[in-house]
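The values are calculated or read from the model by the stated rules, or taken from the named source; none is laboratory data. What you see is a predicted model, and the numbers here were worked out from it, not measured in a lab. A quick note on method: Cβ atoms are made from the backbone with ideal geometry, for glycine too, and the neighbour counts reach across all protein chains shown. What goes into the accessible areas is simple: the full protein's heavy atoms, side chains included, and nothing from ligands, DNA or RNA. Shrake-Rupley method; radii C 1.70, N 1.55, O 1.52, S 1.80 Å.
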Number of protein chains: 2
Amino acid sequence: MSTAPKSDIIRPTDDQARALARSLVADARYGALAIRDPETGFPHVTRVAVGMQGDGAPLLLVSTLAHHTRALLQDPACALLLGEPGDKGDPLIHPRLSLQARAVEIDKTPLRQAWLASHPKTTLYFDFPDFKMLRLEITLAHLNGGFGKAFHLTGEDFHISPTSTH
Amino acid sequence: MSTAPKSDIIRPTDDQARALARSLVADARYGALAIRDPETGFPHVTRVAVGMQGDGAPLLLVSTLAHHTRALLQDPACALLLGEPGDKGDPLIHPRLSLQARAVEIDKTPLRQAWLASHPKTTLYFDFPDFKMLRLEITLAHLNGGFGKAFHLTGEDFHISPTSTH
């Protein structure tokens, strides 16, 4: 367990922080996925394609030929870093979101049209039988909105209700 | 343990793969660091500043106020994703490197000049007492050089000898 006074640097979560966190999920096209490597016990981190389901849950399109996918299907505990800085500015000031979640395999067929609209390059392999869609059930998140702007969020903070205009 | 036939998609490691993997470390200015979260048992992934020591080992500059640093100082097993796609091309074709490593705290003072030359924006906080430098002792690595170009490497593949011209 950690012993440092984390309350000193974490701000109270407000609607502005929730909106920024949700926008980082909505805008994500890829991210860094961390899993527990069953062969070494170490964490393992890799780049994956990321989307969002209508209720705000992150989606991953992954191949079962990949080490991280096989690991996740056996052990769903994972983490995802979103908020890519691109080529502009300081990457360590750019807002980013660290999620912890459980990955659940879902049927990709009903999501095909929406996914390919936002990820046209994945059309080449979306229908390959080894490609699966995983939905992430968020358990907690750390939002870093820039130097000194840190927030803790819950899974509920990401939920978009059917009547929302998001 | 995984059961899929991974040998089908992993190519034999050659000098070209080693050179690409080393260049991804040498060129990195930041990356995605994954640790084991002592509070949840889940992986946790965050963005950190990354450099390279003269012998080829990755270096991290991290604050002990951060959750991931406190976790790493107690449990050195970690993973690092390098190879940022920037704004150009398909992020899932861009070469990237997934390292697994043990983090060891080292004295940042002798590395100050070299670090600040490659990371000028960190001059603002490099000397803060809560900022520590961690050296990563690589245990293994997965290199993804683009679709279908996957390689496994060892820590030894990254070692740059004092007589090397790298």
**Fill in**
Of (1) open to solvent by 10 Å² or more (accessible area, probe 1.4 Å); (2) at the interface with chain B (Cβ under 8 Å from one of its Cβ atoms); (3) not in a strand (DSSP E or B), A:Ala71 satisfies every one except (1)
**Asked** Here are some residues: A:Ile160, A:Ile138. Which one is open to solvent by 20 Å² or more (accessible area, probe 1.4 Å), touching a residue at least 40 places away in the same chain (Cβ under 8 Å) and touching a Gly at 6+ places or on another chain (Cβ under 7 Å)?
**Response** A:Ile138
**Message:** Between a residue in region B:117-134 that is without any contact (Cβ under 8 Å) to a residue 24 or more places away in the chain and over 16 Å from B:Val104 (Cα atoms) and any residue that is among the aliphatic types (A, V, I, L, M) and assigned to a helix (DSSP H, G or I), which pairs come within a Cβ distance under 6 Å, given they are 6 or more apart or on different chains?
**Reply:** B:Thr123/B:Leu116
**Item:** Filter pass, A:Asp157 being closer than 19 Å to B:Asp90 by Cα, more than 12 Å from every other protein chain (Cβ to nearest Cβ) and of a type in the set (D, E, K, R)
**Value:** no
**Fill in**
Restricting region A:76-132 to residues that are open to solvent by 80 Å² or more (accessible area, probe 1.4 Å) and assigned to a strand (DSSP E or B), the one nearest to the other protein chains (Cβ to nearest Cβ) turns out to be A:Arg102
**Request:** State all residues of region A:71-116 that are touching a residue at least 40 places away in the same chain (Cβ under 8 Å) and basic (Lys, Arg); if no residue qualifies, say none.
**Result:** A:Arg96, A:Lys108
**Request:** Mind listing whichever residues of region B:15-47 are among the β-branched types (Val, Ile, Thr) and either surrounded by fewer than 22 Cβ atoms within 10 Å (Cβ to Cβ) or touching a helix residue (DSSP H, G or I) at 6+ places or on another chain (Cβ under 6 Å) (or both)?
**Result:** B:Ile35, B:Thr40, B:Thr46
**Message:** Restricting to region B:4-63, count the residues that are in contact (Cβ under 8 Å) with a residue 60 or more places away in the chain, within 27 Å of A:Leu80 (Cβ to Cβ) and not aliphatic (A, V, I, L, M).
**Reply:** 4
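Let's see how each residue does on (1) over 25 Å from A:Gly148 (Cα atoms); (2) modelled with pLDDT of 95 or more; (3) not polar (S, T, N, Q):
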{"position": "B:His94", "(1), (2), (3)": "yes, no, yes"}
{"position": "B:Ala101", "(1), (2), (3)": "yes, yes, yes"}
{"position": "B:Thr122", "(1), (2), (3)": "no, no, no"}
{"position": "B:Met133", "(1), (2), (3)": "no, yes, yes"}
{"position": "B:Glu137", "(1), (2), (3)": "yes, yes, yes"}
{"position": "B:His142", "(1), (2), (3)": "yes, yes, yes"}
{"position": "B:Gly148", "(1), (2), (3)": "yes, no, yes"}
{"position": "B:Ser164", "(1), (2), (3)": "yes, no, no"}
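Name every residue in region A:34-68 that is of a type in the set (Ser, Thr, Tyr) and at pLDDT below 95, in order of residue number. It would help to see each step written out before you state the result.
If we filter region A:34-68 for residues that are of a type in the set (Ser, Thr, Tyr), which is where we start, we get A:40, A:46, A:63-64.
Once the filter is applied, which keeps residues that are of a type in the set (Ser, Thr, Tyr) and at pLDDT below 95, region A:34-68 yields A:Ser63, A:Thr64.
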